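Please treat every number below as a calculation from the coordinates, not as lab data. Quick caveat: nothing in here was measured; it's all calculated off a predicted structure. Please note: Cβ atoms are built from the backbone with ideal geometry, for glycine as well, and neighbour counts cover all protein chains shown.
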Amino acid sequence: MPMIFTVAAALLGAAVGSFLNVVIYRLPLGLSIVSPPSSCPCCKTRIKPLQNIPVISYLILGGRCANCRAPISLRYPLVEALTSVLTVLLWLRFGGDPLLFGIYFVFLAAMVAVVFIDLDHKIIPDSISLGGIVVGFVASFFTPVGWVDSLMGILAGAGSLFAVAWGYHLITGKEGMGMGDVKLLGAIGAFLGWQSVLFTIFLSSIAGSVVGVVALKLMGEGRDYEIPYGPFIVLGALTYLYRGPELIDWYLSLMG
Ligand SMILES: [Zn+2]
């Protein structure tokens, strides 16, 4: 596929990553994501278009506000770079089918927003999770997933995580996962079908356990660490989106 499209995908991803920074900051606060334009949180100076070029502006400005020199969080260029890389990978996988690429790009953007909103606030906004269930179901009419698998995905997302949450509660006596995670899994099922839900639960619980154990070792035992589960769910879902069927085949071949 021509190189120019890959470059275009990288630029598209960086631009949308820049928009996601706004979404991540404003959505949980109930602020409009379209107005007013971004300004420096320190001196309130409006950020000019030339100072708002993803990644590049951050590097040119040395990570500081052009006006008051207040430091800008490294998170902003990182989200832009991450979205850019993920978009290129998505293009390499689905670029042959622009409609499919477009649908999964919307899904990808929502997942990136979920990760950082959950890290910041330990919530997953309903507008993304419940909105994702609706959009994902409608989109399934145009993807190989189809509406039947999508509907089963929504139900599997809700049902199976309830089971996991119930089991976790039974074993530890603690609340492991919130309703936000359940709704998020429903949205993933809506976009990618019920198979993705099983895969995502499997991978996210392994990744979550590993990180949980490491955190416990690093920070000492006997305390209660609240690690948001959303980022692990997103990790599982994106792994499925990019390489899921191959990984399932590989796993089944190991099983003989
Ligand atoms: Zn400033």
Original post:
Using a simple spin-label model with points 7 Å from Cα along the Cα→Cβ vector, what separation in nm is obtained for Val138 and Thr6?
Top reply: 3.4 nm
**OP:** Bin all alpha-carbon pair distances of the stretch 69-220 at 10 Å intervals from 0 and give each bin's fraction as a whole percent.
**Re:** 11, 33, 36, 16, 4, 0
Original post:
Given H placed 1.01 Å from N in the peptide plane, which residues other than close sequence neighbours of Arg64 have an amide H under 5 Å from its amide H?
Top reply: Ile72
Subject >> Long-range amide H partners of Ser39 with built H, under 5 Å >> reply: Ile47
**OP:** Compute the long axis of helix 146-172 from its Cα atoms, compare it with the longest principal axis of the Cα atoms of the chain, and write down the angle in degrees, 0 to 90, nearest 10.
**Re:** 80 degrees
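Grab the beta carbon distance between Val34 and Val213, set R0 = 41 Å, and tell me the FRET efficiency rounded to 0.05.
Values: r = 42 Å, r/R0 = 1.03.
Using R0 = 41 Å, I get an efficiency of 0.45.
Give me the extension gain from His121 to Tyr168: residue separation times 0.36 nm, minus the current Cα-Cα distance, reported in nm with one decimal.
Stretched fully, the His121-Tyr168 segment lengthens by 14.7 nm.
In what sequence do Leu238, Leu74, Leu185 fall when counting other Cβ within 10 Å, fewest first?
Leu74, Leu238, Leu185
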**OP:** Measure nothing fancy, just the Cα-based angle from helix 194-219's long axis to the longest principal axis of the chain, in degrees from 0 to 90, nearest 10.
**Re:** 70 degrees
Subject >> Scattering curve values for the chain, log₁₀ I(q)/I(0), Debye with Cα scatterers, q = 0.14 Å⁻¹ >> reply: -1.03
**OP:** Return the calculated 222 nm mean residue ellipticity for the chain, to the nearest 500 deg cm²/dmol, obtained by summing -39500 (n - 2.57) across DSSP H runs with n ≥ 4 and dividing by the residue count.
**Re:** -24000 deg cm²/dmol
